[in-house]
Amino acid sequence: MWHDGQPVTSADVAFTVGLLQDAAFDGAPELARLWQALTLAVVNDQTFTVTLPEPFAPFLDYTTFGLLPAAPAGHGAGGAVGRGRLQPRRRWGRGRSGLWR
């Protein structure tokens, strides 16, 4: 579940993988090559398939990355990021940093 109460879906996975497959991806070149070579298909909200061009035993090791939501933040019950219970203190002074209410 995302911070705004929306469920994580296959569309979120497809969106994130799409970013890894983008020609503008500026991460590790070997990571880009791997993700650009495969095909991801959304089956339903909770299922997707990944097809690799050839067998690759360590593939699961490359699936340990964070997901990004396909929908813009703030479109759920919780509102935009930074509007929750933890807000930075308004008074910043000498010797004060990273304080939360």
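Annotations for the structure displayed:
- Full-stretch length increase - L31, F65 - with 0.36 nm per residue and alpha-carbon distance subtracted: 11.1 nm
- For the stretch 1-57, the list of chymotrypsin sites (Phe, Trp or Tyr not before Pro) that fall in a loop by DSSP and count at most 15 other C-beta atoms within 10 angstrom reads F25, F56.
- Difference of contour (0.36 nm per residue) and Cα-Cα distance, T47 to A11: 12.0 nm
Read-outs throughout are calculated quantities, based only on the coordinates presented, and are distinct from any laboratory measurement. Quick caveat: nothing in here was measured; it's all calculated off a predicted structure. Every residue, glycine as well, gets a Cβ built from its backbone with ideal geometry; the counts of neighbours run over all protein chains shown.
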